[in-house]
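What follows is a single structure, written as structure tokens, with notes after it.
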Amino acid sequence: MTFLTCILLSYLYFPKKYRLVNKGCKLVGCGSAVPSLSVSNDDLAKIVDTSDEWISIRTGIRNRRVISGKENLRNLAVEAAKKALKMASVEPDDLDLILLCTSTPEDIFGDAPKVQRELGCTKSQLAHDITAACSGFVLGLFSASCYIKGGGFRNVLVIGADVMSRFVDWTDRGTCILFGDAAGAVVLQACDAEEDGLLSFDLHSDGEGARHLGTPINDNENGSVLEFPPNRSSYACIQMNGKEVFRFAVGCVPQSIESALEKAGLTASNIDWLLLHQANQRIIDAVATRLEFPPEKVISNLANYGNTSAASIPLALDEAVRSGKVKPGHTIAAAGFGAGLTWGSAVIRWG
């Protein structure tokens, strides 16, 4: 949804008293949740030909969390959301919108309404999913800002959650070492334009690169293409060309962040923290080097959780806020990138 579309919606859909003109929005709460089961590199070395040294040198990852027992995506999303709402002092029924950014829903038709129900919302506020893999959370922030700045919404919950372990080939050491499960959430709230905390965005996609990273439906070559009824479909495990994904990330992400900074009227020297999708430490280091960000200004929790797709940015943000690293007023350059191919950057101010 574009900003212009949101402006039009505010006039076509909402009563005049709810239309917000020249409003801003700010981040007022965050939360995260991870499964209880921690899988170390040494654990993986028992099932595939690898080692802790091999994985950590190439990726920076040492552990990841994986769902087990009765844990699922919605459990994680709800837990992260409750923590974000508590920090923001916002009740579930005060929400106008819930956006669930995920590519691994429990229900292919979407999980956001079920998260809404489990949060105890009673006002039937809008809730829907956003699918953009590792870029999903950044797109969720953009959508939330549009709904608030142009659509009359006041409180929006954005959740990034994925359970990648369900789509990992645990016999493929090239991919099984990378991914983990998690959820992270933020609450965005309408404010005066002078207090705006979502300063700029830069968003892109390129379907030509889809062949390098994806989880397609399995081709079924049995029978004629005219056969009816169709055979039941299923999804393949994650398929990735690591070299191409690395090349894409270190080339496109710095350009995107620079574009977002320019739109915000800022330079890298004005940024307190660089927060990238936690895909691979080599990618994080390469992007930081190209942008001349010193290591002490780069947020990374990749070693503990691996690549958690749409959850990685809000998970790292929540840990940084709760540890006192990120303080109110700090400006963050964030970027997500991954399957699609999609990538996007946001310049945000915390608090």
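The values are calculated or read from the model by the stated rules, or taken from the named source; none is laboratory data. Computed from a prediction, not measured in an experiment: that's the story for all the values here. Heads up: the accessible areas ignore ligands, DNA and RNA and are worked out on the full protein's heavy atoms, side chains in. Shrake-Rupley method; radii C 1.70, N 1.55, O 1.52, S 1.80 Å.
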Helix-only [θ]222 nm of the chain, DSSP H runs n ≥ 4, -39500 (n - 2.57) each, per residue, nearest 500: -9500 deg cm²/dmol
- line: As straight-line cross-link partners of Lys23, the qualifying aspartates and glutamates (C-alpha separation under 14 Å, not fewer than 8 residues apart within one chain) are Asp192, Glu194, Glu195, Asp196
query: Quick one: Karplus J couplings for segment 325-340, per residue in order, coefficients 6.51, -1.76, 1.60, θ = phi - 60°, nearest Hz, x for Gly and Pro?
result: 5, 8, 10, x, x, 5, 9, 10, 9, 10, 8, x, 7, x, 3, x
- prompt: Can you list the residues, at least 5 places off or on another chain, whose amide H is less than 5 Å from the amide H of Cys191, using H built in the peptide plane?
  reply: Gly24, Cys25, Lys26
message: Need one number: % antiparallel among DSSP beta bridges in the chain, to the nearest 5.
response: 70
field: Exceeding the 32 Å Cα-Cα cut-off - candidates Lys70/Lys243; Lys123/Lys263; Lys70/Lys123; Lys46/Lys297; Lys83/Lys243; Lys243/Lys297
entry: Lys70/Lys243; Lys123/Lys263; Lys46/Lys297; Lys83/Lys243
- request: Excluding residues on the same chain fewer than 8 positions from Lys86, give the aspartates and glutamates whose Cα lies under 15 Å from its Cα.
  value: Asp94, Asp318
task: For segment 23-195, give the percent of accessible area contributed by carbon and sulfur heavy atoms, probe 1.4 Å, rounded to a whole number.
output: 48
message: Let me check against my output: what whole-number percent is the relative contact order of segment 23-195, with C-alpha pairs under 8 Å and at least 6 apart?
response: 37
- prompt: Given a cut-off of under 8 Å on Cα pairs at least six residues apart, what relative contact order in percent is computed for segment 154-200?
  reply: 48
message: Just to verify a number: what accessible area does Lys82 come out at with the full protein assembly present, 1.4 Å probe, Å² rounded to tens?
response: 110
task: Run the numbers on the chain and let me know its relative contact order in percent, using alpha-carbon pairs under 8 Å that are six or more apart.
output: 25
query: Of [x] 28, 59, 13, 0; [y] 31, 61, 8; [z] 31, 58, 11, 0, which is the value of P(r) over Cα pairs in 20 Å bins from 0, in percent derived from the coordinates here?
result: [z]
- prompt: Roughly speaking, to the nearest percent, how much of segment 231-351's 1.4 Å accessible area is carbon and sulfur?
  reply: 49
- line: Sorted by chain and then number, the residues having a modelled amide H within less than 5 Å of the amide H of Asn307, at least 5 places away or on another chain, are Phe179, Gly180
- request: Would you mind getting the accessible area per residue of the chain, heavy atoms of the protein chains only, 1.4 Å probe, in Å²?
  value: 46
